[in-house]
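Here's the structure, in structure tokens; my notes come after.
Each value in this text was obtained by applying a stated rule to the coordinates, not by laboratory testing. No experiment lies behind these values; they were computed from the predicted model shown. Glycine gets a Cβ as well: all are built from the backbone with ideal geometry, and neighbour counts include every protein chain shown.
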């Protein structure tokens, strides 16, 4: 299975789990926290310019698996989340993995809060504070999982490419 | 420093370009532009969605079970009372049904209750407030068509099929902004229209101001003009008020179901026109 296809499959599964698991389990959570966590993790690992195509693919799958046509400003906001994550990850220059995971998780939770505010400003969607903070807490928990999954796959890609390169040389 | 500045300038241009492309695709493209993509993706995703949504529902049920153990006794007492009441009502209804059957035989009228039903399960949900809808695991291969009514266990109408893929279909709930249903109060000629109330529930609207509109009255579909069969139970009248122009009456509608808890539904497969 090609590495690109594997990545597409991974992103498709993230969108599917968001739509068919989290949206069913917590239908009041307006902001898709798993998708936001995935965007933050992906952008942190790959950088903005490499991750943007995967972010757009994730948004596309998320829209396609929803019941309605993509009609909100969430996709635009998600791209901006990717940019802000890239900006912060360069600025913070995080070296230690534990620290970086904690800071990323906080970034993810803040992104969910910011997106909720964005939905309120652009579409007038109001939600109770307990739901908003519950969703942000969920993003906080999901980010490390997303980070580990994307990081592992990234490592796997690197290893595969290196072994291909070695076999070419010998 | 200057190099870093250039890096962020380049990236912010990319960010805005990407955001612009995504925005253009999602907002500016005509309705149905993404339909071919969905038509390809939906049949592939539907079995997986069915499995994942099953896990979600079971997880939710388990969570609710553990969080509500203290309420079980009270709930049990209430259910016993309900059961006794329903047994009495069932006996009364059986008598009325027999009477109805005899009267229909006398009048030679067709029965309106024998509608073919197709059971379905919710496999994904759209939580954005602008779209009160969900996806079912039944599609055109099962004979589902756009406009088919969706009812839940107690026969309550909750929505209609809005779009159909091969193995899945999208349902717009009655609270969806684009949904309107002609309705009347059961047993009377008081008619109106049911529509969503900006995410706050349902409203029975366009009722002439002189008509009697009593809280607790049962609302059913009137079957006028919107392709729905007549007599489908929708809910009960709640609070009554006058419209802004004071020409019509409006009433909130009380329903027994919580839309976000709906898992299993029945699709009424209407005959093709």
Review point. Roughly what angle does helix B:72-107 make with the longest principal axis of chain B, taking Cα atoms, 0 to 90 degrees, to the nearest 10?
Key: 60 degrees
**Study point:** Inter-site label distance for residue B:256 and residue A:131 at 7 Å from Cα along Cβ, in nm
**Key:** 2.5 nm
Practice item. Averaged over every viewing direction, what's the projected area of the C-alpha convex hull for the stretch B:118-273? Give it in nm², one decimal, please. Key: 8.9 nm²
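Between residue B:13 and residue B:55, 0.36 nm times their residue separation minus their Cα-Cα distance comes to what?
Value of the extension gain: 10.9 nm.
If you take the beta carbon distance between residue B:188 and residue A:57 as r and set R0 to 35 Å, what does 1/(1 + (r/R0)^6) give as a FRET efficiency, to the nearest 0.05?
Efficiency for this residue pair is about 0.05.
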**Study point:** Order of A:156, B:233 under a 10 Å beta carbon neighbour criterion, fewest first
**Key:** A:156, B:233
Check your understanding: Along the Cα-to-C-beta direction of residue B:208, a point sits 7 Å from the Cα; which residues of the stretch B:232-273 have their amide N less than 19 Å from that point?
Key -> B:241-251
**Study point:** Helix-only CD estimate at 222 nm, as mean residue ellipticity for chain B, using -39500 (n - 2.57) per DSSP H run (n ≥ 4)
**Key:** -12000 deg cm²/dmol
Revision key, fill the gap. Both in Å, the radius of gyration and Dmax of the C-alpha trace of the protein assembly as shown are 25.9, 93
Study note, to complete from the structure: Cα-based Rg then Dmax for the stretch B:68-107, in Å, read 16.8, 54
Point to revise | Between 0 and 90°, nearest 10: helix A:74-92 axis offset from chain A longest Cα axis | key: 60 degrees
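Set the Förster distance to 60 Å, then compute FRET efficiency between residue B:73 and residue A:155 from the Cβ-Cβ distance, nearest 0.05.
For R0 = 60 Å, the calculated efficiency reads 0.70.
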**Study point:** Estimated distance in nm for a label pair at residue B:66 and residue B:35, the labels positioned 7 Å out from Cα along Cα-to-Cβ
**Key:** 4.5 nm
Point to revise | Calculated over chain B: convex hull of Cα atoms, volume per residue (Å³) | key: 227 Å³
Check your understanding: Okay, helix-only estimate at 222 nm for chain A: each DSSP H run of n ≥ 4 adds -39500 (n - 2.57), divide by all residues, round to 500 deg cm²/dmol; what do you get?
Key -> -27500 deg cm²/dmol
Practice item. Pop a pseudo-label 7 angstrom from the Cα along the beta-carbon direction at both residue B:24 and residue B:244 and give the gap in nm to one decimal. Key: 3.7 nm
Check your understanding: If the convex hull of the alpha-carbon atoms of the stretch A:3-163 is projected onto planes in all directions, what is the mean projected area in square nanometres?
Key -> 9.3 nm²
Check your understanding: Pairing the Cα long axis of helix B:35-67 with the longest principal axis of chain B, what angle in degrees results, from 0 to 90 and rounded to the nearest 10?
Key -> 70 degrees
